[in-house]
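Accompanying notes for the structure given below.
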Amino acid sequence: MVDKVQGWITGAGGVVEKVDRWGKRRMAYKIRKQREGYYVLINAQIPAQFNTELERNLQIQESVMRYMIVQAQ
């Protein structure tokens, strides 16, 4: 899934700066009856108009339980 997200970012003209794989960790609360999840932090520069498309793609992926897109200043 991480490779797929990186492909979406580079395909939209963005640049993946860093991928930090935190690994499997215990979550603060259950999500879809799961107590553990695989955490990944991706630092990237993406075009502003790609934000909504990236969110839509992440929402429809069944393997993605939660995500957060933030703008660094």
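All conditions in (1) surrounded by fewer than 10 Cβ atoms within 10 Å (Cβ to Cβ); (2) part of a strand (DSSP E or B); (3) touching a residue at least 24 places away in the same chain (Cβ under 8 Å) hold for Lys24, with the sole exception of (3). Of everything in region 5-21 that is surrounded by 13 or more Cβ atoms within 10 Å (Cβ to Cβ) and touching a helix residue (DSSP H, G or I) at 6+ places or on another chain (Cβ under 9 Å), the residue that is nearest to Glu62 (Cα to Cα) is Val5. For Met65, the conditions (1) in contact (Cβ under 8 Å) with a residue 12 or more places away in the chain; (2) surrounded by fewer than 12 Cβ atoms within 10 Å (Cβ to Cβ); (3) assigned to a loop (DSSP other than H, G, I, E, B) all hold with the exception of (2).
Residues of region 27-60 that are assigned to a strand (DSSP E or B), of a type in the set (A, V, I, L, M) and either surrounded by 11 or more Cβ atoms within 10 Å (Cβ to Cβ) or out of contact with any strand residue (DSSP E or B) (no Cβ under 6 Å at 6 or more places or on another chain) (or both): Met27, Ala28, Ile31, Val40, Ile42, Ala44.
Just so you know, all these numbers are worked out from the coordinates, no wet-lab data involved. Given the structure is predicted, the values throughout are model-derived calculations rather than measurements. All Cβ positions, even for glycine, are placed from backbone atoms using ideal geometry, and neighbour counts span all protein chains on display.
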